[in-house]
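Colleague: Starting off with a structure, shown below.
The values are calculated or read from the model by the stated rules, or taken from the named source; none is laboratory data. Bear in mind that the values here come from a model prediction, so they are computed numbers and not experimental data. Don't worry about glycine lacking a Cβ; one is built from the backbone with ideal geometry, like all the others, and counts go over all protein chains shown. Please note that ligands, DNA and RNA were not included when accessible areas were found on the heavy atoms of the full protein model with its side chains. Shrake-Rupley method; radii C 1.70, N 1.55, O 1.52, S 1.80 Å.
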Amino acid sequence: MYPYEVVTLEEMLQARENRADRQRQLISRYTVPLISMTINIPGPQKSSPTSKYVFHEGYRILMSQLAVNQMTPLHCEAYDLLTGPEAYVAVQADARILKRLVIAIEDGHPLGRLLDLDVIGLNERAISRDELGLGKRKCLLCDQAAHGCGRSRAHALPELLEAIKALVDGYKRKRQVVKRA
(Lines give C-alpha, C1' and ligand atoms only; values in the text may rest on other atoms or scores of the structure.)
Protein backbone atom coordinates (compact mmCIF):
# COMPACT_ATOMS: atom_id res chain seq x y z
CA MET A 1 0.00 0.00 0.00
CA TYR A 2 1.16 3.49 -0.69
CA PRO A 3 0.45 6.73 1.15
CA TYR A 4 -3.13 7.70 0.37
CA GLU A 5 -5.62 9.72 2.32
CA VAL A 6 -6.18 8.31 5.79
CA VAL A 7 -9.61 7.72 7.30
CA THR A 8 -10.43 8.61 10.89
CA LEU A 9 -12.21 6.31 13.32
CA GLU A 10 -15.18 8.69 13.27
CA GLU A 11 -15.38 8.43 9.46
CA MET A 12 -15.26 4.63 9.65
CA LEU A 13 -17.99 4.54 12.30
CA GLN A 14 -20.15 6.89 10.21
CA ALA A 15 -19.56 4.70 7.13
CA ARG A 16 -20.70 1.65 9.11
CA GLU A 17 -23.84 3.48 10.20
CA ASN A 18 -24.53 4.64 6.63
CA ARG A 19 -24.03 1.07 5.40
CA ALA A 20 -26.56 -0.27 7.94
CA ASP A 21 -29.07 2.40 6.87
CA ARG A 22 -28.60 1.51 3.19
CA GLN A 23 -28.97 -2.20 3.97
CA ARG A 24 -32.27 -1.54 5.76
CA GLN A 25 -33.53 0.59 2.85
CA LEU A 26 -32.71 -2.05 0.24
CA ILE A 27 -34.16 -4.95 2.24
CA SER A 28 -37.33 -2.94 2.80
CA ARG A 29 -37.58 -2.02 -0.90
CA TYR A 30 -36.82 -5.45 -2.39
CA THR A 31 -37.91 -7.78 0.47
CA VAL A 32 -35.14 -10.26 -0.37
CA PRO A 33 -31.81 -11.05 1.31
CA LEU A 34 -28.97 -8.64 0.65
CA ILE A 35 -25.27 -9.24 0.09
CA SER A 36 -23.21 -6.39 1.51
CA MET A 37 -19.62 -6.37 0.26
CA THR A 38 -16.64 -4.50 1.66
CA ILE A 39 -12.96 -5.35 1.95
CA ASN A 40 -10.77 -6.41 4.88
CA ILE A 41 -7.73 -4.19 4.70
CA PRO A 42 -6.33 -3.04 8.04
CA GLY A 43 -5.08 0.44 8.79
CA PRO A 44 -6.34 3.96 8.14
CA GLN A 45 -5.88 3.92 4.32
CA LYS A 46 -8.99 2.31 2.87
CA SER A 47 -9.06 3.60 -0.71
CA SER A 48 -5.95 2.71 -2.71
CA PRO A 49 -5.22 1.02 -6.04
CA THR A 50 -4.73 -2.28 -4.18
CA SER A 51 -8.01 -2.06 -2.27
CA LYS A 52 -9.88 -1.04 -5.42
CA TYR A 53 -8.36 -3.93 -7.37
CA VAL A 54 -9.31 -6.44 -4.66
CA PHE A 55 -12.83 -5.04 -4.51
CA HIS A 56 -13.39 -5.12 -8.28
CA GLU A 57 -12.04 -8.66 -8.56
CA GLY A 58 -14.21 -9.75 -5.64
CA TYR A 59 -17.29 -8.13 -7.15
CA ARG A 60 -16.58 -9.82 -10.49
CA ILE A 61 -16.23 -13.21 -8.78
CA LEU A 62 -19.40 -12.65 -6.73
CA MET A 63 -21.45 -11.80 -9.82
CA SER A 64 -19.97 -14.77 -11.68
CA GLN A 65 -20.84 -17.17 -8.85
CA LEU A 66 -24.38 -15.82 -8.63
CA ALA A 67 -24.77 -16.43 -12.39
CA VAL A 68 -23.28 -19.95 -12.19
CA ASN A 69 -25.77 -20.73 -9.42
CA GLN A 70 -28.64 -19.23 -11.46
CA MET A 71 -29.27 -16.46 -8.94
CA THR A 72 -30.15 -13.24 -10.73
CA PRO A 73 -29.72 -10.07 -8.66
CA LEU A 74 -32.78 -7.83 -8.45
CA HIS A 75 -30.58 -4.84 -7.67
CA CYS A 76 -26.85 -4.06 -7.61
CA GLU A 77 -25.00 -0.93 -6.61
CA ALA A 78 -21.35 -0.23 -5.82
CA TYR A 79 -19.51 2.78 -4.43
CA ASP A 80 -15.88 3.81 -4.28
CA LEU A 81 -15.71 5.72 -1.00
CA LEU A 82 -12.83 7.20 0.95
CA THR A 83 -13.71 4.71 3.70
CA GLY A 84 -13.32 1.87 1.21
CA PRO A 85 -15.33 0.44 -1.64
CA GLU A 86 -18.66 -1.19 -0.88
CA ALA A 87 -21.45 -2.88 -2.81
CA TYR A 88 -24.98 -4.11 -2.24
CA VAL A 89 -26.61 -6.94 -4.16
CA ALA A 90 -30.27 -7.88 -3.54
CA VAL A 91 -30.91 -11.50 -4.52
CA GLN A 92 -34.10 -13.57 -4.62
CA ALA A 93 -32.70 -16.63 -2.84
CA ASP A 94 -32.62 -18.34 0.52
CA ALA A 95 -30.36 -16.26 2.79
CA ARG A 96 -28.59 -19.34 4.20
CA ILE A 97 -27.80 -20.62 0.71
CA LEU A 98 -26.46 -17.17 -0.20
CA LYS A 99 -24.30 -17.17 2.93
CA ARG A 100 -22.81 -20.54 1.97
CA LEU A 101 -22.08 -19.19 -1.52
CA VAL A 102 -20.25 -16.10 -0.20
CA ILE A 103 -18.34 -18.17 2.35
CA ALA A 104 -17.14 -20.37 -0.51
CA ILE A 105 -15.77 -17.22 -2.17
CA GLU A 106 -14.18 -15.91 1.06
CA ASP A 107 -12.59 -19.29 1.83
CA GLY A 108 -11.88 -20.56 -1.68
CA HIS A 109 -10.79 -17.63 -3.84
CA PRO A 110 -7.16 -16.46 -3.61
CA LEU A 111 -8.33 -12.93 -2.70
CA GLY A 112 -11.26 -14.16 -0.61
CA ARG A 113 -9.51 -13.53 2.70
CA LEU A 114 -9.52 -9.82 1.83
CA LEU A 115 -13.25 -9.74 1.07
CA ASP A 116 -16.03 -9.21 3.57
CA LEU A 117 -19.25 -10.61 2.11
CA ASP A 118 -22.14 -10.35 4.56
CA VAL A 119 -25.61 -11.72 3.90
CA ILE A 120 -28.36 -9.80 5.64
CA GLY A 121 -31.70 -11.56 6.00
CA LEU A 122 -35.16 -10.05 5.89
CA ASN A 123 -34.94 -9.55 9.67
CA GLU A 124 -32.09 -7.09 8.92
CA ARG A 125 -29.60 -9.31 10.76
CA ALA A 126 -26.42 -10.69 9.20
CA ILE A 127 -26.18 -14.47 9.03
CA SER A 128 -23.08 -15.69 10.85
CA ARG A 129 -20.76 -18.57 10.06
CA ASP A 130 -21.65 -19.97 13.50
CA GLU A 131 -25.31 -20.27 12.47
CA LEU A 132 -24.20 -22.57 9.66
CA GLY A 133 -21.86 -24.54 11.91
CA LEU A 134 -18.77 -23.17 10.21
CA GLY A 135 -15.56 -21.98 11.86
CA LYS A 136 -14.35 -18.44 12.15
CA ARG A 137 -12.14 -16.89 9.49
CA LYS A 138 -8.41 -17.39 9.94
CA CYS A 139 -5.84 -14.64 10.28
CA LEU A 140 -3.90 -13.72 7.16
CA LEU A 141 -0.60 -14.41 8.94
CA CYS A 142 -1.28 -17.17 11.47
CA ASP A 143 -3.74 -19.96 12.17
CA GLN A 144 -5.67 -18.05 14.84
CA ALA A 145 -9.14 -16.52 14.41
CA ALA A 146 -8.79 -13.29 12.41
CA HIS A 147 -11.11 -11.34 14.70
CA GLY A 148 -9.00 -12.14 17.76
CA CYS A 149 -5.73 -11.22 16.06
CA GLY A 150 -7.23 -7.96 14.86
CA ARG A 151 -8.63 -7.01 18.26
CA SER A 152 -5.40 -7.83 20.09
CA ARG A 153 -3.21 -6.28 17.38
CA ALA A 154 -1.18 -9.48 17.34
CA HIS A 155 0.56 -8.45 14.12
CA ALA A 156 2.15 -5.15 13.15
CA LEU A 157 0.34 -3.14 10.46
CA PRO A 158 3.37 -3.06 8.08
CA GLU A 159 3.61 -6.86 8.32
CA LEU A 160 -0.09 -7.25 7.46
CA LEU A 161 0.09 -4.76 4.58
CA GLU A 162 3.15 -6.52 3.17
CA ALA A 163 1.32 -9.86 3.29
CA ILE A 164 -1.66 -8.29 1.51
CA LYS A 165 0.59 -6.77 -1.15
CA ALA A 166 2.31 -10.14 -1.71
CA LEU A 167 -1.05 -11.92 -1.96
CA VAL A 168 -2.45 -9.41 -4.47
CA ASP A 169 0.76 -9.24 -6.53
CA GLY A 170 0.88 -13.05 -6.72
CA TYR A 171 -2.74 -13.17 -7.83
CA LYS A 172 -2.15 -10.52 -10.52
CA ARG A 173 0.88 -12.43 -11.85
CA LYS A 174 -1.13 -15.66 -12.12
CA ARG A 175 -3.97 -13.85 -13.90
CA GLN A 176 -1.49 -12.35 -16.41
CA VAL A 177 -0.04 -15.79 -17.14
CA VAL A 178 -3.52 -17.22 -17.69
CA LYS A 179 -4.49 -14.31 -19.98
CA ARG A 180 -1.36 -14.85 -22.11
CA ALA A 181 -1.91 -18.59 -22.43
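Colleague: Can you pull the one-decimal nm distance between simple spin-label points at residue 177 and residue 64, each 7 Å off the Cα toward Cβ?
Modeller: Once both label points are built, they end up 1.7 nm from each other.
Colleague: Right, here's the next one. Going 7 Å from the Cα of residue 78 along its beta-carbon direction, which residues of the range 10-45 have the amide nitrogen within less than 16 Å of the resulting point?
Modeller: 35-40
Colleague: Using 0.36 nm per residue of separation minus the Cα-Cα distance, give me the extension gain between residue 143 and residue 162 in nm, one decimal.
Modeller: Result for the pair: 5.1 nm of gain on full extension.
Colleague: Given Cβ point charges of +1 (Lys, Arg) and -1 (Asp, Glu) and nothing else, what value in debye, to the nearest 20, does the dipole of the range 1-84 about its Cα centre take?
Modeller: With only Lys, Arg, Asp and Glu charged at Cβ, the dipole is about 260 debye.
Colleague: Here is a further query. Please tell me which of these pairs span more than 28 angstrom C-alpha to C-alpha: 138/165; 99/179; 138/174?
Modeller: 99/179
Colleague: Follow-up question, since we're still on this one. Indicate the gyration tensor shape class of the range 49-181 (rounded, prolate or oblate), computed on the Cα atoms with a ≥ b ≥ c the square roots of the eigenvalues: a/c under 1.5 is rounded; otherwise a/b larger than b/c is prolate and the rest oblate.
Modeller: Oblate.
Colleague: Probe radius 1.4 Å, ligands and nucleic acids ignored: give me the carbon and sulfur share of the accessible area of the range 41-181 as a rounded percent.
Modeller: 54
Colleague: Further question on the same structure: Counting trypsin sites (Lys or Arg not before Pro) as exposed when in a DSSP loop with at most 13 other beta carbons within 10 Å, what is the longest stretch of the chain free of them?
Modeller: Here the longest segment lacking exposed loop sites spans 1-124.
Colleague: Additional query: Please identify the GluC sites (Glu not before Pro) of the range 80-177 that satisfy two criteria: DSSP loop assignment and at most 14 other Cβ atoms within 10 Å. Which are they?
Modeller: Of the GluC sites (Glu not before Pro), the ones in loops of the range 80-177 whose Cβ has at most 14 other Cβ atoms within 10 Å are 124.
Colleague: According to the square roots a ≥ b ≥ c of the eigenvalues of the Cα gyration tensor, what is the shape class of the range 106-152, taking rounded for a/c under 1.5, prolate for a/b larger than b/c otherwise, and oblate for the remainder?
Modeller: prolate
Colleague: Project the alpha carbons of the range 9-123 onto their principal axes and report the range along each, largest first, in whole Å.
Modeller: 36, 31, 18
Colleague: What does the accessible area per residue of the range 16-62 come to in Å², with a 1.4 Å probe and no ligands, DNA or RNA counted?
Modeller: Result: 43 Å² per residue.
Colleague: Moving to a separate point now. Could you report the range 82-181's accessible area per residue, 1.4 Å probe, as an integer in Å²?
Modeller: For the range 82-181, the per-residue accessible area is 57 Å².
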